[in-house]
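The values are calculated or read from the model by the stated rules, or taken from the named source; none is laboratory data. The model shown is predicted, which means the values in this text are computed figures rather than measured ones. Quick reminder, even Gly has a Cβ in these numbers, built from the backbone with ideal geometry, and neighbours come from all protein chains shown. The protein model used for the area step is the full one, side chains on, heavy atoms only, and it has no ligands, DNA or RNA in it. Shrake-Rupley method; radii C 1.70, N 1.55, O 1.52, S 1.80 Å.
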Amino acid sequence: MKVTHIFSDMDATLLASDGTIPQANINTIKNLTIPFSLVSARAPMEMDFAIDQLELDSLQVGFNGGIIYRGNSHNREILYTQSIDTNAATKIIFDIHNQFPDVSLSFYDEKAWYAEKNDRGTAFETSVTNLEPTIINFKEFLDDSIQIFKIMLIVFDEAEMQALVSYFDEYAPYSVVVQRSGKYHLEITHIDAIKSNGMNYILSKEDLTAEHTIAFGDGHNDIPMFKLVGHPVVMNNALDEVKDYGEFITESNDDAGVAAFINRLDA
């Protein structure tokens, strides 16, 4: 199998359930001779540790395609951004704040994560990313100058999650896309901020064809990139409806499934 570029989701794919990178993944990816790009719903600051540990110098995709960049927070070179329309973002934030007051609501600009209070959702996210939100008053903070790349809703009750999904099916502004990322996360980004668009940017810039690329993932928001690449590889821990999009199923994230598949390519 000819492979010219590898793309990978982070959470529940590259990362183990405890949020760390299995050593087998680190060893294998550091020894690659082809580019490896993270394609994540995470903010760039939440991806820095992986870029550093894996010693990546290729282009990376954050916010589900809302930002494309190279490097880490110390030397980040940003090539592309697509933030949510300010009016749409503000409307979503206040509508959800008023109509779903028990939902953990937060959002991101390029450099920070903001919430109005610490709650079960922010505590859960902190346990995953080891980052703390900046606590603000939404009404005082939001204005025309802020660029919001992602609005994040964390919901632990499945019935409430489905109520939110139904709400957005009816009321989401045309300029955004609402995607479920994992069991508890519902994430809103610009309509063009989907993983496949970020990957297409990289393929175009590097003059590559999707036919010779691999993508690893586990979630619903990985489906657009599975449809794009030549060889979609789904983690064994993914839901069955996501596995339907895989050409291959590899070991789980806790069993370093990314490294296991790459190493079989070289065998």
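Observations, loosely collected:
- When TYR171 is tested against (1) more than 30 Å from ILE148 (Cα to Cα); (2) surrounded by fewer than 20 Cβ atoms within 10 Å (Cβ to Cβ), exactly one condition is not met: (1).
- In region 241-259, residue modelled with the lowest pLDDT [restricted to those that are crowded, with 18+ Cβ neighbours inside 10 Å and in a helix (DSSP H, G or I)]: VAL242
- Filtering region 213-240 to residues that are acidic (Asp, Glu), touching a helix residue (DSSP H, G or I) at 6+ places or on another chain (Cβ under 8 Å) and not in a loop (DSSP other than H, G, I, E, B) leaves only ASP222.
- Going through (1) within 22 Å of MET225 (Cβ to Cβ); (2) free of Cβ contacts under 8 Å to residues at least 40 places away in the same chain; (3) open to solvent by 10 Å² or more (accessible area, probe 1.4 Å) one by one, LEU38 falls short only on (3).
- Any chance GLU187 is of a type in the set (D, E, K, R), under 26 Å from THR129 (Cα atoms) and open to solvent by less than 30 Å² (accessible area, probe 1.4 Å): yes
- Any chance ILE135 is aliphatic (A, V, I, L, M), farther than 15 Å from ASN221 by Cα and open to solvent by less than 20 Å² (accessible area, probe 1.4 Å): no
- Taking the numbered list (1) touching a helix residue (DSSP H, G or I) at 6+ places or on another chain (Cβ under 7 Å); (2) in a helix (DSSP H, G or I); (3) basic (Lys, Arg) in turn, LYS139 passes all entries but (1).
- Just one of the numbered conditions (1) closer than 30 Å to ASN98 by Cβ; (2) without any contact (Cβ under 8 Å) to a residue 12 or more places away in the chain is not true of ASP240: (1).
- Of all residues making up region 193-237, the number that are under 15 Å from TYR69 (Cα atoms), of a type in the set (Ser, Thr, Tyr) and either in contact (Cβ under 8 Å) with a residue 40 or more places away in the chain or open to solvent by less than 50 Å² (accessible area, probe 1.4 Å) (or both): 1
- Selection of region 53-80 for residues being polar (S, T, N, Q) and in contact (Cβ under 8 Å) with a residue 12 or more places away in the chain yields GLN53, SER58, GLN60, ASN64, ASN72, SER73.
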